[in-house]
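The values are calculated or read from the model by the stated rules, or taken from the named source; none is laboratory data. This is a predicted model, so every value here is computed, not measured. Cβ coordinates were reconstructed from backbone atoms using ideal geometry, including for glycine residues, and neighbour counts include every protein chain displayed. The protein model used for the area step is the full one, side chains on, heavy atoms only, and it has no ligands, DNA or RNA in it. Shrake-Rupley method; radii C 1.70, N 1.55, O 1.52, S 1.80 Å.
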Amino acid sequence: MTSRVRGAAHALLRAAVRGRRERGGEWGEAVLAEFGETRGRWEAVRWLLGGLRAVWLERRGRIRQLPRHIRIGRRVASVAVVGLLGGLVVNTFVVTVHYMPSGSMEPTLGVANRYLVDRIGHRLTGIHRGDVVEFTKVIEAGSAPRTFVKRVVGLPGDTIECRDGKVWRDGSPLDEPYLWGVAEEDRTECATVTLRRGELYVLGDHRLVSVDSREYGPIDEDSVRGRMLVRIHG
């Protein structure tokens, strides 16, 4: 065990001092040369930590000797790289901008409207009735999953039914001020269903054109990719 720890410490110190070069800075080479004088694994680890600090100070000193415009350029480049990487991570895993390809969510989202999607919030706080969510679903066997944007009107345990041109949840009609302005009798027709664990009932706000849970049934909660935060265009 001791020999493995010492070997790993020496390898790390050597990499820090020399990198891909044949020889490192004066301080770093001195620390590396005296590594063999250490005894035991803990002394080797302490020597490694001290050596890393010496290498850092040495490199910092060399950077300070560079002309000011080069140091500023390097700093700007570093900030730009960090910002770019951070932006990519946020856009991929946290929030992202998508656009609405159809009119199924009018007037909340019009065709080609852009909206901001929160990709992790729903996993932390759960999905609520009224949330506008983005999810994937296979509509036809053998076809690729498609992405949809719909409003959640039912959660596990809810009983959803349609009558008198309205959606009813657990025996009470829903107040849906967000619906497209059409005649009451044209708004909604659906089969009665009680949602099981892990199921959501989703509907488009433009009921006349939306293809949603009325046709393909409840969706799996695990299929939700994100929750709309706000419309940002149009």
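Data for the structure
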| read-out | value |
| --- | --- |
| In sequence order, calculated HN-Hα J values of segment 47-52 (Karplus, 6.51, -1.76, 1.60; Hz; x Gly/Pro) | 5, 4, 4, x, x, 4 |
| From phi via Karplus (6.51, -1.76, 1.60), per-residue ³J(HN,Hα) for segment 116-129 in Hz, x at Gly/Pro | 9, 10, 8, 8, 10, x, 5, 6, 8, 9, x, 9, 10, 4 |
| Amide H within-cut-off set for residue 154, under 5 Å, with H built and near neighbours excluded | 201 |
| Protein accessible area in segment 121-222, 1.4 Å probe - carbon and sulfur % | 46 |
| Under 5 Å, built H, 5+ apart or other chain: amide partners of residue 95 | 119 |
| By average C-beta atoms within 10 angstrom, highest first, the peptides 34-41, 148-155, 12-19 | 148-155, 12-19, 34-41 |
| Distance between modelled label sites at residue 120 and residue 178, nm, 7 Å Cα→Cβ extension | 2.4 |
| Sites residue 97 and residue 52, calculated FRET efficiency, Cβ-Cβ separation with R0 30 Å, nearest 0.05 | 0.10 |
